[in-house]
Amino acid sequence: GEEELKDLTNAKVYVAGTLDERASSKAQYFDLFVDATSAKITVPSHAKVGMGMTAFHKDFAVNVMKAAESESEQGVIKIVAFKTKALIDSVKKIKNELQVDSLKLSDLAKHEKLSEATARFFFDVAISEGLAG
């Protein structure tokens, strides 16, 4: 409802799930939309500049779509939570490897295992988790 949309628009970062089929037409509320039912991924034009699809995005989408075929809604939620935790753990691991107090995009861009798009995505995750300044 309106109260939930207000909460989302006031948040800096969020992940939301919905059963409302109209959600995909509300591009102003998302940077990445995974429709598990139709196996479709949408990145609206306002997000394309800052969001390159990475191996993580593709793996995440494939796993969610597979889960949607065989799991209950609760099962899909658990898979999303597991993948999200794994992502955050990966960013924390790199921060610890680099032995820095706060990650910078330049730190991640120099990391040998990350493409430019992945470094940008990990930096965005680091910001949302308070690991970057």
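The values are calculated or read from the model by the stated rules, or taken from the named source; none is laboratory data. This structure is a prediction, so every number in the text was calculated from the model and none was measured. Glycine also receives a Cβ, built like all others from the backbone with ideal geometry; neighbour counts cover every protein chain displayed. The accessibility values were calculated without ligands, DNA or RNA, using every heavy atom of the protein model including side chains. Shrake-Rupley method; radii C 1.70, N 1.55, O 1.52, S 1.80 Å.
Some points to look at:
- Built amide H within the under 5 Å cut-off of A132, gap 5+: L103, I127
- Across the options V76, I94, H111, the greatest Cα extent toward the positive end of the charge dipole of the chain (unit charges at beta carbon of Lys, Arg, Asp, Glu) belongs to H111.
- Solvent exposure of the chain as accessible area per residue, Å², 1.4 Å probe: 70 Å²
- Charges were assigned to the Cβ only: +1 to each Lys and Arg, -1 to each Asp and Glu. The resulting dipole of the range 52-99 about its Cα centre is roughly 220 debye.
- Within the accessible area of the chain, the carbon and sulfur atoms contribute 52%, probe 1.4 Å, all protein chains present.
- Net dipole in debye of the chain [+1 Lys, Arg Cβ; -1 Asp, Glu Cβ; about Cα centre; nearest 20]: 420 debye
- Couplings 3J(HN,Hα) of the range 68-80, computed from phi: 5, 6, 10, 9, 6, 4, 5, x, 5, 4, 5, 5, 4 Hz, in residue order, whole Hz [Karplus 6.51 cos²θ - 1.76 cosθ + 1.60, θ = phi - 60°; x for Gly and Pro].
- Phi-derived couplings, Karplus 6.51 cos²θ - 1.76 cosθ + 1.60 at θ = phi - 60°, listed residue by residue for the range 124-133: 4, 5, 4, 4, 5, 9, x, 9, 9, x Hz, with x used for Gly and Pro.
- Long-range tail of P(r) for the range 50-126 (Cα pairs > 21 Å, %): 34 percent
- Diffusion constant of the chain at 37 °C, which comes from Stokes-Einstein with the Kirkwood Cα-pair radius and 0.692 mPa s, µm²/s: 204 µm²/s
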